[in-house]
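Following: one structure in structure tokens, then a few remarks.
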Amino acid sequence: MSDAAGSTASGAERLEAIAATSPVVICCGPGGVGKTTVSATFALEAARAGRRACVVTVDPARRLADALGVESLPNTPTLVEGDWPGELYALMLDTKGTFDELITRYSANPEQVESIQSNRIYKNLAGALSGTQEYMAMEKLYELTESGRFDTVVVDTPPTRNALDLLDAPRRLTHFLENRIFRALLMPTRVYFRAVGIAAQAVLRTIAKVAGAEIVQDAVTFFQAFGGMEEGFAERASAVRALLALPSTAYVLVTSPRQDSLDEASFFAERLAETGVAPAALVVNRVHPRFGTTTDDDATAPPVGSALATLYANLATLDAQATRDAAAIAELASRVAPAPVATVPLLASDVHDLAGLALVADQLFAPAESKRAAG
């Protein structure tokens, strides 16, 4: 287990083992808790262990680029230079770019690619359709693991409930492709209403009354352009689901000691448990550290009104906050047991470069005894 000082020796060793041996690490948790930083730190630790590591973010903000000290990140792995025996790469997911690559891969010919990518439905909605970003993130994960280029791939997921969508995206896509109306829309036809069954016609007529027949025609054309590709998508989705279910895929739950963040993390842990997946580790970021303890003994307390008394009161306040943090963390830790638990204390400044990441890595992966000695 852990306290506000950081990981225990055994906990740090188990976190090191995740970074040094797991082929896939998925960092999940609430927003605003430093999940992107923790994701990058796991990839950095993997590179320190001599592995070829790549960290992926689905967050369009610059947080990962900032944490790695680079200007920007494309949709392809970008090497981050550093003094470690392994290699560290990073990328930011481009949803439409990844979708375009899949269309090219599964299309029978360039004409089919053009038919899909020129369709107004695809151009306007490919990056915003419900579940598209989540599924493309899993596609990118699968692409990177199957490439053979990397020993470790770390995924920085969206905030908790969106992350659940991300993990469920391959299953939902498979169910969609198996839907009878969708399969009917893929049937070749000259007049689209003749191509679909009675149920599909009813649905399309209802949509046409609201959105207009032209939009319905675009939608039918869009789906029909996918003819012959659905099997490849379904097989790929099944492969992604299998990857996510492997025992070697490590789910790291990241949170902060704030009660709302702990509640979100607890929710996510419960949802993972429902799918038969247990967190590989719990990381609690921005924990109030202990600087010492105070006593209620009036004989040892500094005189009221003195400068020392103000410092004494501040110490008491910080100690009380650290005690509350430790109690809240202990409750969540009991729910994810026997997963190792590590904490990262509040730092003097935000992490915006590799030196800052290295500091976080030292907190996460060094035993508590080493931290106390270093401090």
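In segment 261-290, whose amide N lies under 15 Å from the spot 7 Å out along Cα-to-Cβ of LEU346? List them in ranges. Counting only backbone N, you get 285-290. Measuring r between the beta carbons of ARG258 and GLU231 and using R0 = 35 Å, the FRET efficiency lands at 0.15. Packing around the peptides 274-284, 309-319, 232-242, taken as the average count of other Cβ atoms within 10 Å per residue, puts them in this order, highest first: 274-284, 232-242, 309-319.
Note on PHE267/ASP83: beta-carbon distance plugged into 1/(1 + (r/R0)^6) with R0 of 41 Å gives a FRET efficiency of 0.55.
Sort TYR89, TYR251, TYR106 so the one with the fewest other Cβ atoms within 10 Å of its own Cβ comes first.
Values: TYR89 22, TYR251 25, TYR106 19.
By the 10 Å Cβ count, ascending, the order reads TYR106, TYR89, TYR251.
Here each label is just a point 7 Å from Cα along the line to Cβ, and for ARG120 and LEU315 those points are 7.2 nm apart.
Around the amide H of GLU87, modelled in the peptide plane, lie the amide H atoms of ARG51, ARG52, ALA53, all under 5 Å away and 5 or more residues distant in sequence or on another chain.
Ranked by how many other Cβ atoms sit within 10 Å of their own Cβ, fewest first, the residues ASP325, ASP353 fall in the order ASP353, ASP325.
FYI, it's all coordinate maths here, none of it is from the lab. Note that the structure is predicted; figures quoted are calculated from it, not measured. Reconstructed Cβ throughout: ideal geometry from the backbone, glycine too, with neighbour counts over all protein chains shown.
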